[in-house]
Structure formats: C-alpha cells, structure tokens
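Participant: Sharing a structure here in structure tokens format.
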2 protein chains.
Amino acid sequence: MKPSDLIDLGKRAQSASKSLGKLSDDSRKFALDQIASGLESNCDNILLANQRDVQIAKDNSLNSASIDRLLLDLNVLQSMANDVRTIAALPDPLAEKFDERTLPNGLNIARRRTPLGVIGVIYESRPNVTIDISALCMKSGNAVILRGGSEAIHSNTALVNLIKNCLDSSDVPPDSIQFINSPNRKIVDQMLEMKNYIDLMVPRGSSSLVHKVASGASMPAITGGIGVCHMYVDENVELDMAVNLARSSKVEKPYVCNALDTLLVHSSVASAYLPRIVNVLTENDVEIRCDLRALSLLGNPSKPNIVRATDQDWGIEFLALRVAVKVVDSLQDALDHIDTYSSGHTDVIVTENTAAAARFLNEVDSSVVIVNASTRYNDGGRLGLGAEVAISTNKLHARGPMGLKELTSYKWTVEGAGQTPKQA
Amino acid sequence: MKPSDLIDLGKRAQSASKSLGKLSDDSRKFALDQIASGLESNCDNILLANQRDVQIAKDNSLNSASIDRLLLDLNVLQSMANDVRTIAALPDPLAEKFDERTLPNGLNIARRRTPLGVIGVIYESRPNVTIDISALCMKSGNAVILRGGSEAIHSNTALVNLIKNCLDSSDVPPDSIQFINSPNRKIVDQMLEMKNYIDLMVPRGSSSLVHKVASGASMPAITGGIGVCHMYVDENVELDMAVNLARSSKVEKPYVCNALDTLLVHSSVASAYLPRIVNVLTENDVEIRCDLRALSLLGNPSKPNIVRATDQDWGIEFLALRVAVKVVDSLQDALDHIDTYSSGHTDVIVTENTAAAARFLNEVDSSVVIVNASTRYNDGGRLGLGAEVAISTNKLHARGPMGLKELTSYKWTVEGAGQTPKQA
C-alpha cells in the first residue's frame, strides 16, 4: 500500500463520514442488525480465513495465549453478533441535547451531540475488536479506519468484507469502514501524519504502540490501556470478601490491563489475611513478590513462587500470573503509594468503613475507582456501555471505558429572533 | 528564567493542584471573593503598573487598538472584580455526579467531575484575561501557569501579586497561580515540552501562536479562536433583521474572532438586501469585497471601499473592517460554501423558514451554529458560562466557549459488596 493509497482511503472515509453523520438512528440501527445477521449466516468464510491465521501463527510458534486470543469459533461469532445487536439497541448518542435553556434575552441555547468524523484505530490480535469498534463507530455516526494486527489479517479482512456486503442493503456508505489490508509497519507512521483525514487516533495494544501514538500523532489521540492496578485491603474488612476480590482480580484474566498488580494490606489485618490470600494465589500458580514485612508475617517461607519484592516491582503492569504485596500502616500510606505508583487506570479499596471508602473515592485520581468489587469492572461492557473502543487513562475528553458518548463531540446551537449583544 | 526555574514552577503548580483539588467549593469561593475585593481596594498599584506598560507601548509606537486593549482604568478593574464574583457564584463544577445508576448485579456506578490538574495558558494583550483565567481555574480546582504577552508584563505581574496576597487569608495555596514573569520567547517552547507538569495547554492569541501550540505541544492542547464566520441571508427573511444582524456582527468588534467575515445572500433577496446592507456597512467604514453577481446587482459602483472579491477572500479571517459578499442560489449552495471555507467557529442563518433553520442547525459542523442572532454570541459570558478560557474549534473535549465544566475531567466510581464478574 503506497502513501497515496492511504490518503485516498482517508478521503473516502472522510466523505463517507459526512453522509453517515446525517443518517437517522433507524438507518444506522438497520445496518447494524444486517451485520449481526450476516455474522450468524456467513460463518464459513470467516472461519476458513481464521484457520489460515491460526495455522500461520502455529507455524511461527506463537505462544498458546496469543493463539487463543486469535481463535474464532461458532460461539465467538455468535457472541460478536450479540454484541452488535446490543450496540444497535443502545439509545442514539446523536439524539442527545443538553444544557438547553432560554436566556433572559430570549435566545434559546443548547448543546447537541455530533459525530467526531473519522476515527483511526490501531489494534492487535483479537478479531472481535474489528466488529466491536466498527459497530460503536457506526452507531455514533463516525467513519473508521482500522489497522489490525498482521497475525489476524485474514480473519479481519473476511470480517470487514462481510460488513461491507451487509451495508449494501442499507443507507450506511460502505466507505465508512476502511480496513488497511497490509502488514507494512510503516503504515502506522503514515496514519499518524494524516491529521487532515483522521479526527481521533485510538491505539489498543502494547505499551510501545501506545507510547508511539501518544508522542507521534499529529491529530488528537486517546491513549490508555496500561493498567498498574492496586487493591488496598483496609483494617476494617471482611476477610472472605477481600480474599475473593484479590483472587478474581488477579487470577481470572491475568493478561489484560484491568488485572491486579499490587496488593496493599493494612498491618492490623495482615497476619490474618496474608496466609489466606497467599494460599489461594499460589494454588492458582501466581508468583507473589512480598515486601519484607509481608515476608516476615508469612514466616519467611522458602518457596519458589514467594519471593522478595524489589523496588522495580512497584508501579509495574505485570500482564502475568504475578502480584506485588506490601504491608502499610494506614489508609494514608496506601493513598500515598497509589499516588506515587498508579497508572491512573483502576484502583480498589476493600473496606467496611464508609468514611474510608468515601475518602478513597474522593482522593484516588484514576479512571475507575472502586469500593468492594473486582478490578475487572473497569470494562465498557460491565459498566453498561455495550462495549468499548478502548480504556482511556487520559483526562481530556474521555476517561475510563470509551463507549458511544465518548465517540461524539457537540456543537452549540443558538436560536433567536434578531438579537444582538449590547455594545461593550 | 532558566529551564530549571520553569520546571520548578511546574512542580510547585502540580503540588498546589493536589491540595486545591481537595478543597470545598466554599473555600474556593471565599478565595475568589477575597480577590474580587482586592481588585476594588488595591487599584493604585495596578494602575501604576499599567501606566508603565502603556507608556512603553506608546514609546514603541504600538497602534491605538493595541493600546486600547492594554489600558486599565477604574471601570475596567470594577468589571474584572464583577467577573470574579460572577464566577465565584456559579455552581460548583466539581460537585457534579452524572450517569449514576445501579446495575442489575447491585453495583452502584457514577461519574464524578474532577479537576484536570495544571492548565498552561499562553495569551496576549488584555490584562483582564489574567484575572478571568485565574478565576475559572481556581473555581474548577485547577492550578494554572500563566504566560501573558510582554506588552502587558507589568500589569500582569501586579495583578498576579494581588491575587497571591489575597490568597494568604484563604485555604487556596498561592502556588496554584504561577506567572512567568519573563519576556523570553524561548519559554513558550519550553512550556510545550512540560507534559509531566502541565495537563492541558490553551493558547489565546495570534494564529501563529495557535498553530505553534497545536503542532508542538507534548501534552493535550485545546486550540481555536480562529474564526472565519459566515452569515447566510436566506430567501425568506425579514430584511431589517438581516441588515441589523450583519451590521452588529461586522461593525461592533471587528478585531475579534467572532466577527463576521463572509456574507452569503440568497439571489432572490439580493437585489433588495444588498443596497441596504452595503449602505450601512460603508457608513461604518467597512470595505466590501463582492463577487461578480453582487457587484452587478449593486450597479458596479466605482467606490474605493466596494471592490471585487478574489479567490483569496473566501475562508479568510479578516480581523478588520472588511467583509466578503457572495450571492448564492440556494440553502444548499450556502451549506456547500460553508462546508468548504468555514473554520468551524461560528456560522449564522437569517431566515423566517423553520425548515431551513433546522437544516442549517443540523448540517453546519461548527462550534456554535446560530439562527437569527449575531455571530458575537459565540462567547462564554453571553452563553451563560460566566467567562471563558478560550473558544475551542477542536472537537475533542471542549467545543466553543470553554467555561468551568470544560476545565474538568471525570472519574468513574464503582461501589459494591464484593462483586466479581462472571468468568468469560
């Protein structure tokens, strides 16, 4: 793909975005329902394309976790179709009018949601992201330029072809979904220059990709997805709940950004809590990196998966069956640790003390701050957004999971009867 | 000022922002009321400092419009004090909780507004901007680093010293207002590198400053303030209103971003409208650049201030007593012209046809879209925001006038009783 081809693709997306942005919610919803049905009735091509990706991944000796993320089957396709229908049925984000009022001079003013225009998304691995992001962009009236990972290129191509075929019977212009069907890595650099055609860049993937987009994009970018997630077990706590929450947060999906990384334990419950959570975690093959006080409270065990933490273990996203554990003497100490080391993604307090919970909610400055629940609730689907384009740790525009509303801008409307301001 | 001094100032602002962000609205309001009183009771120092700036400006032969913008007197100081009290009395932007609900699994979720942290503002000329921006940032819990124009450096220094003195009796840390008291132009480049200390950059001033910040800032930036403002006079129109609106939009403040630049006139009213508006505008010393059809309808006059428009006159922000005039044959032609040439700042339709008004509001993609009122309503004060930090023509985060809400982010809060998500 030549640079001029990429510009051409940007122009087509931009032109399509203008038509798409004027369509009614019914038209957008109809197109999405067509795509959902298409995913159910045209599985064969997609599964064949996916088998090619999986075979290439095996030939290249990709690890089994990566192959798992790549793999499509009938269940996954059905769940993708369900996601599309869920997104289609959400309230129209473009219908929202807010801050409407009549000023003393009789002007009627309001803000109305508008699409952003063209969204550029660079992502890796899982082909279902192709469908989720296409559906969210279409529902919010935005065109999208997709740049998936090379390891899923056949699956993604088949999915995008399916979408475009389904759009033929709808009012949504097929050009509103653009897919870059080339593994050339220079294309990312070219995309980052295309500020005249892409209104927002969203990277989903490794921290090197995220940093590259954050520092190199000529257009606005929303970045995040790097989670250094903390859980603080307070002195006034139900131990069973605290054990279960740390287990769920660490063990169930250790390779994702909302998995637990650092467990902070109040010293007054540490001797009761630590042996229990360490048992549960080691049974689940988690390596535990303890500070000296935690090690001592555990009787300085000589087990291979209970080791002494180093300074490098704080503020790290492990993306692995590994957790760092530290004993603290107060809520204040926990807040200080989080203020120093958190990536502003997800932080949890486990406590029965409502004052401690309120203080934690007020003072922790992260995209999602949680009392007595798993870190894994920092998720668009689980917070009721239908799905998510990404999880933002930026503070501008969108923070936390980005759903439909976060894919919109607004404009002010002013309706008058000839008013002019008084001369200053 | 050395680069290390600037970093030090950034660190102090960041540290102050953390304390400021935790203060109650009463504390922030008290501090603002102290500043308003201070502006009323300590005028002498400020007026003396301002006289120095004005004398230097005269010695350097600045034009009279620039000197006017610079000049402070008791009336201006009183109006600055009034602005501060207005901002102080606005509802607390940090108290807002939104999208609150209880999910089927019992989790209580909400979004809460939070300060952004440290705002960097680079601006020119008018010293009242120092007060407006400081007050908006303080009310919204943000620290601010101010970089004013060198021509107002004595006035701005006196104003910032006054603010800091007033804060001594309040809970707001004086370090939350930082002022760069140096005319060295390299400081702007250094500020743009300080992403670890500045959360948002806002440039207010010339288009070269705006472009420099937009392309060079390492942190998010909100840019705008470049207004190529259109007014479309539809076929179904009250001529008196259409004359008065074009006059107000062009004549009353020709040097600001919300002044009228291009007047589009429907061909069916052009012969009635053009002679009238041209009379009114030329009486007010406006130069009128007409397309051939408009010239012909005016009888091809040979007057020095009615000239033929060139291609360069469309899509231009004149910032002067000058307007471009074009005859169009339909609302569609007007929309096409605006789509091609508007800067997305302010566009107006004058019409008695509600369908035409509705279509214009829907299809014009600008920060403020207006029916039957002056372009000059794209203004934070006039739209009820108290004041504005800037007018954004970006689509991310804030669009149009930026008031208190636009100086905040939000965080999600999740409150549970031990919930963990089902394993996928």
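Each reported figure results from applying straightforward, stated rules to the coordinates on display, with no laboratory input. Given the structure is predicted, the values throughout are model-derived calculations rather than measurements. Virtual Cβ from ideal backbone geometry, glycine too; neighbours counted across all protein chains shown.
Participant: GluC sites (Glu not before Pro) within the stretch A:174-241: which are DSSP loop residues with at most 14 other Cβ atoms inside 10 Å?
Facilitator: Working: sites: A:Glu193, A:Glu235, A:Glu238; in loops: A:Glu235, A:Glu238.
Here no GluC sites (Glu not before Pro) fit, given the DSSP loop and packing criteria.
Participant: Further question on the same structure: Could you check what % of the DSSP bridge pairs in the protein assembly as shown are antiparallel, to the nearest 5? Numbers along the way, then the final one.
Facilitator: Values: 30 of 118 bridges.
Taking every DSSP beta bridge with both residues in the protein assembly as shown, the antiparallel ones total about 25 percent.
Participant: Now for a separate question. Rounded, prolate or oblate: pick one for chain B, where a ≥ b ≥ c are the square roots of the eigenvalues of its C-alpha gyration tensor, a/c under 1.5 means rounded, and failing that, prolate if a/b is larger than b/c, else oblate. The partial results should precede the final answer.
Facilitator: Values: a/c = 2.20, a/b = 1.39, b/c = 1.58.
Oblate, since a/c reaches 1.5 and b/c is not below a/b.
Participant: I want to verify the translational diffusion coefficient of the stretch B:143-261 in µm²/s; compute it with Stokes-Einstein, Rh as the Kirkwood radius over Cα pairs, at 4 °C and 1.567 mPa s.
Facilitator: On the way: Rh = 17.5 Å.
This corresponds to a translational diffusion coefficient of 74 µm²/s.
Participant: Please compute the contact order of the stretch A:229-377 in relative form: average sequence separation of alpha-carbon pairs under 8 Å and at least six residues apart, divided by the residue count, as a percent. Intermediate results must be reported in sequence, preceding the final value.
Facilitator: Numbers: 286 pairs, mean separation 49.7, N = 149.
With pairs under 8 Å counted, the relative contact order is 33 percent.
Participant: Express in nm, to one decimal, how much length is gained between B:Asp171 and B:His211 on full extension, taking 0.36 nm for each residue of separation and deducting their alpha carbon distance. Can you show the working numbers first?
Facilitator: Details: separation 40, 0.36 × 40 = 14.40 nm, distance 3.74 nm.
Full extension of this stretch gives 10.7 nm more.
Participant: Could you check the simple spin-label distance between A:Asp59 and B:Lys97, using points 7 Å along Cα→Cβ, in nm with one decimal?
Facilitator: 5.7
Participant: Which distances, in nm and shortest first, link the A:Asp92 label point to the same label point in every other copy, taking 7 Å along Cα→Cβ?
Facilitator: Those separations, rounded to one decimal, come out as 3.8 nm.
Participant: Using a 10 Å cut-off on Cβ to Cβ distances, tally the other chain neighbours for every residue of A:235-247 and report the average as a whole number. Don't skip to the end; give the middle numbers.
Facilitator: Details: counts 0, 0, 0, 2, 0, 1, 5, 1, 0, 3, 4, 0, 1.
Mean inter-chain Cβ contacts per residue within 10 Å come to 1.
Participant: I would also like to ask the following. Treating the angle as unsigned and between 0 and 90°, give the value, to the nearest 10°, between the Cα long axis of helix B:43-59 and the longest Cα principal axis of chain B.
Facilitator: That helix lies at roughly 50 degrees to the long axis.
Participant: If you take the C-alpha gyration tensor of the stretch A:229-377, multiply each eigenvalue by 5 and take the square root, what semi-axes do you get, largest first, in whole Å?
Facilitator: Details: eigenvalues 87, 56, 41 Å².
One finds semi-axes of 21, 17, 14 Å for the stretch A:229-377.
Participant: Shifting gears a bit: Taking each residue in B:392-400, count the Cβ atoms of any other chain within 10 Å of its Cβ, then average. What number comes out?
Facilitator: Details: counts 1, 0, 5, 12, 12, 8, 4, 6, 5.
Per-residue shielding by partner chains comes out at 6.
Participant: Stick to the Cα atoms of the stretch B:27-181, pair each with every other, and give me the Kirkwood hydrodynamic radius in Å at one decimal.
Facilitator: 16.8
Participant: Compute the angle between helix A:354-363 and the longest alpha-carbon principal axis of chain A, please, reported from 0 to 90 degrees and rounded to the nearest 10.
Facilitator: Tilt of helix A:354-363: around 50 degrees.
Participant: Moving on to the next point. By count of other Cβ within 10 Å, fewest leading, how are B:Phe98, B:Phe179 ordered? Before the final figure, lay out the partial values.
Facilitator: Values: B:Phe98 9, B:Phe179 21.
The fewest-first ordering by Cβ neighbours comes to B:Phe98, B:Phe179.
Participant: Mind checking which chain A residue has its Cβ closest to the axis relating A to B, and how many whole Å off it is?
Facilitator: A:His397, 2
Participant: Apply the a/c threshold of 1.5 to the C-alpha gyration tensor of the protein assembly as shown and tell me whether it is rounded, prolate or oblate. List each step's numbers first, then the result.
Facilitator: Details: a/c = 2.26, a/b = 1.35, b/c = 1.68.
In terms of gyration-tensor shape, oblate.
Participant: Tabulate in residue order the Karplus-calculated ³J(HN,Hα) for the stretch B:392-403, using 6.51 cos²θ - 1.76 cosθ + 1.60 with θ = phi - 60°, rounded to whole Hz; enter x for Gly and Pro.
Facilitator: 8, 10, 6, 9, 8, 6, 9, 9, x, x, 9, x
Participant: Below 26 Å, Cα to Cα, which lysines can B:Lys18 reach? Residues fewer than 8 away in the same chain don't count.
Facilitator: Partners within reach: A:Lys326, A:Lys395, B:Lys2, B:Lys29, B:Lys97, B:Lys139, B:Lys164, B:Lys195, B:Lys405, B:Lys411.
Participant: Taking amide H atoms as placed 1.01 Å from N in the peptide plane, list the residues 5 or more away in sequence, or in a different chain, whose amide H sits under 5 Å from that of A:Val265.
Facilitator: Answer set, sorted by chain and number: A:Val233, A:Lys326, A:Val327, A:Val328.
Participant: For B:Tyr410, which sequence-distant residues (separation of 5 or more, or a different chain) have an amide H within less than 5 Å of its own amide H, given hydrogens modelled in the peptide plane?
Facilitator: B:Thr114
Participant: At what distance in angstrom do the alpha carbon centres of the stretch B:192-231 and the stretch B:331-408 lie from each other?
Facilitator: If we compute the Cα centre of each part, the gap is 19 Å.
Participant: Nm distances between the label at A:Thr354 and the same-position labels in the remaining copies, 7 Å along Cα→Cβ, shortest first?
Facilitator: Those separations, rounded to one decimal, come out as 5.0 nm.
Participant: Let me ask another. Given points 7 Å out from each Cα along the Cα-Cβ axis, report the A:Val280 to A:Glu352 separation in nanometres with one decimal.
Facilitator: Rounded to a tenth, the inter-label distance reads 1.6 nm.
Participant: Let me ask something else about it. Evaluate peptide A:375-388: per residue, the Cβ atoms of other protein chains within 10 Å of its Cβ; return the mean as an integer.
Facilitator: Numbers: counts 3, 5, 10, 2, 1, 0, 1, 8, 8, 6, 1, 0, 0, 0.
Mean number of neighbouring Cβ atoms from other chains: 3.
Participant: Then there's this: For the stretch B:122-165 and the stretch A:10-78, what is the separation of their C-alpha centers, rounded to whole Å?
Facilitator: 52
Participant: Another question about this same structure. Relative contact order for chain B using alpha-carbon pairs under 8 Å, separation at least 6, rounded to a whole percent?
Facilitator: Values: 842 pairs, mean separation 77.8, N = 424.
It rounds to 18 percent for chain B.
Participant: Arranged by the count of other C-beta atoms within 10 angstrom, fewest first, what order do A:Glu287, A:Glu388 take? Don't skip to the end; give the middle numbers.
Facilitator: On the way: A:Glu287 17, A:Glu388 25.
The fewest-first ordering by Cβ neighbours comes to A:Glu287, A:Glu388.
Participant: On to the next question. Note the angle between two axes, namely the Cα long axis of helix A:153-167 and the longest principal axis of the Cα atoms of chain A, as a number of degrees from 0 to 90, rounded to the nearest 10.
Facilitator: 40
Participant: Sticking with this structure for a sec: Only counting other Cβ atoms within 10 Å, I'd like B:Ser155, B:Ser296 sorted with the fewest neighbours first. Don't skip to the end; give the middle numbers.
Facilitator: On the way: B:Ser155 27, B:Ser296 12.
Lowest to highest Cβ neighbour count: B:Ser296, B:Ser155.
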